[in-house]
Amino acid sequence: MDVSGGRGQPRPGNDESAEHTGPEAPAPGGTGDAPTAPSAPTPADAKDARPEGPTPDAGAPAPESGTPQDTGAAPDHGAPDRGAPAHGRDRAPEHPEPPADRPARAPAGRPEHPDHPFAHSGSGKGQAPQRPEERRRGGLLMGRPFGVPVYVAPSWFLVAILITWVFGGQIDRVLPELGAASYLVSLFFAVAFYASVLVHELAHTLAALRFKLPVRRIQLQFFGGVSEIEKEAETPGREFVLAFVGPLLSLVLAGLFYLGLLAVDPSSVPGVLLAGLMVSNLIVAAFNLLPGLPLDGGRMLRAVVWAITGKPMTGTVAAAWVGRALAVCVLIGLPLLTQSGALGSDAVDNVGMDTVLDALLAAILAAIIWTGAGNSLRMARLREHLPELRARTLTRRAVPVESDTPLSEALRRANAAGARALVVVDADGVPVSLVREAAIVGVPEHRRPWVPVGTLAQDITDGMRVSAELAGEELLDALRTTPATEYLVVEETGEIYGVLSAADVERAFVKAMARPS
């Protein structure tokens, strides 16, 4: 069966703890392939720089409660820092005359925080969170068809063993002459069945790529597969097609296996395998067409309601609640149908092991569908709040300084101007690097007059320049493409607007998600 899910849930952060360890993504649920939620950008190996000692400027007031703190972060491993702090420089620079102060103008539409010191002394503490890619990646990488990685989760091996055991016993009754080889045939069936599930997922993937929707990965796991599509379809028609192609391919496979069955002896090994694959693909197609999220049929229902009302959120709510009702029906109805013999087996009058297994299977399926429906609602709420994340309102005011400016002088200028970031510029005023907060925190206060800011800066790459007009999913995509702790925000004219901290974006993301729809 085809299971929806994703690992694109954001990792919440807060101002009280250095460990930004957000909730684990819920277990993938259902059998559709709902688009995954964009992740809140999290700096690689980030550490929270909590104040432990006096601030750089005596008398500067401490940040108010509830105001985002300056979170330091180690340089991203994917982009090596070219300006590591020079701990061996103990000699004061001769005549440390600072260049003329050229503070960048205050970005409009956001508070200046003039009473907030730029950085705190003391060492950053906290556990480096796992990178989003590492957290999402689970299982064995089997290949990259169409450029999309395919993973096999460890849970698949458990299901493969279960299928081999159950189907092997059935083959042994039909073809007793095989003996122990019947379990080898059953293992081949388990692999072939999941290959057909992969074809189902590839149908979703190809449709998504056709509509220019990025696909993060495909994962084969317990009870089916997951196609993690990062963006939502732009129209209800595309949403309907994107959901329908999966069950359609399963029906096509069932037809092909039926044609193959006509050409062989049904009582032979190929005949038994083809019959099993035909029936299993029919079940996958029929189950996925049930009209409730996160099944493919639920996404089709969502597309229909979206087309009628013009509101994708309304379609999501309707399909999600139908999915929850469907979960209750599966939990209650499946054991009753099995026990009554309506599914083709003999009626059962007493409670035995088969009845218990049927009830357990129904409970697992119901839990998957219910959880998937809830995930769909949460992702819809996330997308509803994404436009609230705007680079222009989250950007910190920055003070431009030259590379040889002593750190203490640069911090004095920043605190005097009410700024919370430093941009290193060349002699012509062109920004060349950003001073990392983690590096500032790592320099003891008594050494700051002897440390040039250039030794604490990270060179600005193309991906670290973001437009002040970016907002919502476009902003998150830009930050995910180039992981870093700070970004230079510029106007369309190229003028420096300020510095955007990934930690500030993460806090705003969590705050937006905490508000009801």
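The values are calculated or read from the model by the stated rules, or taken from the named source; none is laboratory data. Note that the coordinates shown come from a computational prediction; the quantities given were computed from them, not determined experimentally. With ideal geometry, Cβ positions are generated from the backbone for all residues, glycine too; neighbour counts draw on all protein chains shown. Remember, those area values only see protein heavy atoms, side chains included, never the ligands or the DNA or RNA. Shrake-Rupley method; radii C 1.70, N 1.55, O 1.52, S 1.80 Å.
Computed values, structure above
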read-out	value
Which numbered condition residue 208 misses (of (1) within 25 Å of residue 244 (Cα to Cα); (2) of a type in the set (A, V, I, L, M, F, W, C); (3) free of Cβ contacts under 8 Å to residues at least 12 places away in the same chain)	(3)
Residue 233 being of a type in the set (Gly, Ala, Ser) and assigned to a loop (DSSP other than H, G, I, E, B)	yes
Number of positions in segment 312-323 that are surrounded by fewer than 19 Cβ atoms within 10 Å (Cβ to Cβ) and over 21 Å from residue 234 (Cβ atoms)	1
From the options 512, 484, 508, 468, residue that is closer than 26 Å to residue 385 by Cβ, open to solvent by 10 Å² or more (accessible area, probe 1.4 Å) and in contact with an Asp or Glu (Cβ under 8 Å, 6 or more places away or on another chain)	508
Selection count, segment 193-230, where residues are among the basic types (Lys, Arg) and assigned to a helix (DSSP H, G or I)	1
Qualifying residues in segment 211-224 (those that are over 17 Å from the mean Cα position of the chain (by Cα) and in contact (Cβ under 8 Å) with a residue 60 or more places away in the chain) - the one surrounded by the most Cβ atoms within 10 Å (Cβ to Cβ)	224
Hey, residue 168 open to solvent by less than 40 Å² (accessible area, probe 1.4 Å), farther than 24 Å from residue 288 by Cα and in contact with a helix residue (DSSP H, G or I) (Cβ under 6 Å, 6 or more places away or on another chain) or not	yes
Matching residues in segment 287-311 - criterion: being of a type in the set (Phe, Trp, Tyr) and either surrounded by 22 or more Cβ atoms within 10 Å (Cβ to Cβ) or not in a helix (DSSP H, G or I) (or both)	306
Where a residue in segment 365-382 is among the aromatic types (Phe, Trp, Tyr) and its partner, wherever it lies, is open to solvent by less than 10 Å² (accessible area, probe 1.4 Å), with Cβ under 9 Å and at least six apart	370/29; 370/30; 370/323; 370/327
Out of 338, 316, 355, sole residue that is farther than 21 Å from residue 225 by Cβ, part of a helix (DSSP H, G or I), of a type in the set (S, T, N, Q) and at pLDDT 90 or above	316
Which numbered condition residue 141 misses (of (1) open to solvent by 30 Å² or more (accessible area, probe 1.4 Å); (2) closer than 26 Å to residue 248 by Cα; (3) part of a strand (DSSP E or B))	(2)
Residue tally, condition touching a residue at least 40 places away in the same chain (Cβ under 8 Å) and either crowded, with 20+ Cβ neighbours inside 10 Å or in contact with a His (Cβ under 6 Å, 6 or more places away or on another chain) (or both), over segment 252-286	8
Qualifying residue in segment 465-473 (condition: over 30 Å from residue 378 (Cβ atoms) and at pLDDT 90 or above)	yes
